[in-house]
Amino acid sequence: MKTRTRPTFRQFSLAGTFLLAFVGITVFLFTYRKDQQQFDNITSQLFRSEMSGNVLSMHYTLANPEEFGIYNYDAVLPTYSAEGRLKNQAKTENLLSLLHSISPSKLNDSDSYTHSLLVSALENSLTMNSYLYYDEPLSPSSGMQSQLPILLAEYTFRSKQDVEDYLELLDQTDEYFASLLVFEQEKAEAGLLMPAVSLEKVREQCHTILTIESLDAGSHFLQTTFKERLSALYEQGRITQEEAVYYVSQNDRLLRTVLTPAYEALSDGLFLLCDDSIKVAGLSSKPKGADYYQLLVYSETGSSRSVADIKNMLTQKFDEEYQIIAEIIAQNPALAVNSYKDAITDAFPCQSITHMLTDLQLRMQEDFPSFDSNEVLPNVTVKSVSENLQDYCAPAYYLTPPLDNTLENVIYINEKNSPTGLELYTTLAHEGYPGHLYQTVYSNRAMHAREDNYVRQLLWHGGYLEGWALYVEFISYDYASHIMTEQEESELALAVQLEKHNRSLQLCLYSLLDILIHYENASCDQIAQILSSLGITNASTVSTIYEYIVEEPANYLKYYLGYLEVLSLRQEAIEYWGEGYSNMEFHTFYLESGPSDFTALSNRLYNTAAPRTQTRLELSYYSSYLLHSN
């Protein structure tokens with residue numbers, strides 16, 4: 001029989017210490033798990049609720065909702081109502097209260113970062129809710145009257161259910177536009193209605209985007225794209241021929257009996273609101289408009305700088321670009337008097353969209369990380385903007401793919417602008433590689449692979465997205481300049497650099513005008529004087545510039561200030577990382593962080609481990625992608 005040794009006092013003490021330590025660790029871990037579990041529950045419920053409550057948004061965010069715990073939903077277009085606004089505000093306040101009860105230090109690194117982004121976005125949303133009627137969902141340049149048809153036309157049909165959801169949404173467009181009209185009526189009562197000249201632009205769009213003549217001819221893009229998507233489903237055996245015929249008839253019926261009358265009713269309602277006494281002026285002409293503008297700038301750009309600091313930043317950049325332009329012209333005075341655009345286009349060896357995208361992908365490989373080699377390369381389809389929408393659309397835009405299926409991507413080119421040569425090349429860089437398409441696919445795949453919190457898909461960080469796209473667009477001018485040098489066209493290489501800095505100067509100028517108009521209440525006459533000093537004297541041109549900036553506050557800043565913030569963040573990385581810095585490492589950091597505000601990105605930068613080196617791509621990897629051009 002084995003005897004037990006009586007434990008000594010020291011042994012008792014050690015045992016007690018171990019027991020207390022164990023209890024302490026258990027409590028410690030429980031507290032951590034409690035916060036982590038609570039955050040997981042809150043964000044997962046928020047994500048599922050927001051997605052199922054807005055099926056149009058969900059369809060563009062998730063290809064397979066059931067894989068994210070979304071099994072049942074109603075295909076509903078969310079509409080505006082004063083009552084709904086108050087309910088949403090209460091929900092936001094409750095959500096913030098719950099989030100504030102969670103300690104970010106007790107979350108894993110990824111969720112701690114998400115927590116900071118989510119709290120910041122919700123707090124800003126609550127603050128801006130006090131300025132609700134300063135928002136403009138029917139902006140002549142980017143309002144839902146022109147955006148909704150595009151979203152409907154690109155609504156992917158992956159299943160029979162998708163077709164039926166689409167028709168359900170189409171059947172609600174009258175209620176949707178009616179709710180926007182109610183919002184405009186409330187804006188009018190609050191003294192914040194847009195001027196008559198802007199309302200007339202929207203009314204014109206209501207009469208031209210969808211016409212009975214185009215429907216009778218069967219040529220409207222909401223008819224042709226619908227048939228194309230159905231044909232693909234039929235070929236896959238997902239629907240029968242009888243079902244396809246039925247769906248086509250339903251689509252035509254709803255376009256005639258619901259969407260067309262919806263546009264007519266919206267136009268008529270806006271006509272009754274038109275008030276010629278409302279002047280075309282910036283936000284600062286309205287009560288507390290300057291305060292709202294500061295909030296809007298943060299919301300759109302993700303920059304926490306004051307408007308005064310931003311103005312100084314832009315002024316310095318304007319002087320810098322002006323000086324560079326002067327130095328380029330000093331090298332070749334002929335550039336000041338002769339236009340080299342046609343010569344660049346003629347000499348540019350990349351003439352097709354396919355060739356341009358391939359060239360961009362090959363040139364970017366030294367400084368930009370590759371996609372995971374185990375994943376299929378994304379396809380890109382380049383389409384032309386429908387003639388019905390050319391007058392109201394940007395020169396180009398990219399439609400983001402779902403988080404869980406980044407294979408198919410679409411870039412739209414507005415043929416009204418007929419971009420060719422250098423302009424088309426830099427446009428494809430902005431929208432495609434290394435721009436929006438590349439950034440979106442890379443960030444989504446990285447975040448999806450890490451199983452980052454999906455609630456981040458609900459957050460909007462326009463400065464991160466557009467700042468990156470403009471940043472790489474300017475890099476593509478350098479690529480184009482190298483192309484000209486390779487063609488032994490040194491003069492044209494210099495002309496490309498001049499085009500680059502002229503574009504930067506122009507966007508910087510418009511960003512400064514944005515501040516002058518919306519924060520300092522500059523009139524059209526005052527803006528005309530500034531533009532005149534820079535050689536822009538055409539009255540129609542001045543009026544167009546002024547009206548666009550009035551209608552789209554902070555839009556230029558979203559691009560150009562976003563670009564300057566990327567440059568500022570890069571400089572921080574250079575100084576902090578020292579010899580470990582490389583463009584590859586910085587770009588990898590930016591992309592893998594995912595859409596964020598710039599304060600969060602800066603904080604994350606200083607908490608990032610030493611840079612790691614990423615292997616360069618093989619040429620064959622980037623050149624093996626699939627491209628379809630329609």
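Here, each number is a calculation from the coordinates, and none is a lab measurement. The model shown is predicted, which means the values in this text are computed figures rather than measured ones. FYI the Cβ positions are ideal-geometry reconstructions off the backbone, even for glycines, and counts take in every protein chain you see.
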Which entry in (1) 28; (2) 21; (3) 16 matches percent of Cα pairs over 46 Å apart derived from the coordinates of this structure?
(2)
Let me test this: with uniform point scatterers at the alpha carbons of the stretch 124-195, what is the Debye-based log₁₀ I(q)/I(0) at q = 0.18, 0.21, 0.27 1/Å?
-0.83, -0.96, -1.20
Taking the alpha-carbon centroid of each part, what is the distance from the stretch 264-288 to the stretch 104-181 in angstrom?
24
For the residues Asp276, Asp174, Asp391, Asp319, what sequence is obtained by ranking on other C-beta atoms within 10 Å, fewest first?
Asp276, Asp319, Asp391, Asp174
Set Lys and Arg Cβ to +1 and Asp and Glu Cβ to -1, take the dipole of the chain about its Cα centre, and tell me which of Ala265, Asn88, Thr608 lies farthest positive.
Thr608
Add +1 for every Lys or Arg and -1 for every Asp or Glu among the other residues with Cβ under 12 Å from the Cβ of Leu335, and state the total.
-2
Once you charge only the Cβ atoms, +1 for Lys and Arg and -1 for Asp and Glu, what is the size of the charge dipole of the chain about its Cα centre, to the nearest 20 debye?
2860
Mean Cβ-within-10 Å packing, highest first, puts peptides 86-96, 425-435, 261-271 in the order 425-435, 261-271, 86-96
Putting +1 on Lys and Arg Cβ atoms and -1 on Asp and Glu Cβ atoms, find which of Val248, Met194, Tyr581 reaches farthest to the positive end of the dipole of the chain.
Tyr581
Those lysines that a straight Cα-Cα span of less than 21 Å connects to Lys87, excepting residues fewer than 8 apart in one chain
Lys187
If every Lys and Arg gets +1 and every Asp and Glu gets -1 at its Cβ, then about the Cα centre the stretch 449-562 yields a dipole, in debye to the nearest 20, of 320
Among DSSP beta bridges whose residues both lie in the chain, state the antiparallel percentage, nearest 5.
30
For the chain, what is the mean residue ellipticity at 222 nm derived from helices alone (per DSSP H run of n ≥ 4: -39500 (n - 2.57); sum divided by total residues; nearest 500 deg cm²/dmol)?
-20500 deg cm²/dmol
For a 24 Å ceiling on Cα separation, which of these pairs sit above it: Lys279/Lys317; Lys317/Lys500; Lys286/Lys416; Lys317/Lys383; Lys34/Lys91?
Lys279/Lys317; Lys286/Lys416; Lys317/Lys383
Dipole magnitude of the stretch 144-278 about its Cα centre (Cβ charges: Lys, Arg +1; Asp, Glu -1), debye to nearest 20:
380
The chain: relative contact order from alpha carbon pairs under 8 Å, six or more residues apart, as a whole percent, is 18
Taking Cα centroids, how far is the stretch 511-555 from the stretch 396-472 in Å?
29
The answer for Ala396, listing residues at least 5 apart or on another chain whose modeled amide H is closer than 5 Å to its amide H, is Asn414
Along the Cα→Cβ direction, 7 angstrom out, place labels at Glu175 and His100. What is the inter-label distance in nm?
3.5
Dipole of the chain (Lys/Arg Cβ +1, Asp/Glu Cβ -1, origin at the Cα centre): which of Gln497, His100, Pro419 lies farthest to the positive side?
His100
Just tell me which aspartates and glutamates come within less than 19 Å, Cα to Cα, of Lys341; anything on the same chain fewer than 8 places away is out.
Glu415, Glu423, Glu473, Asp478, Glu486, Glu488, Glu489, Glu491, Glu499
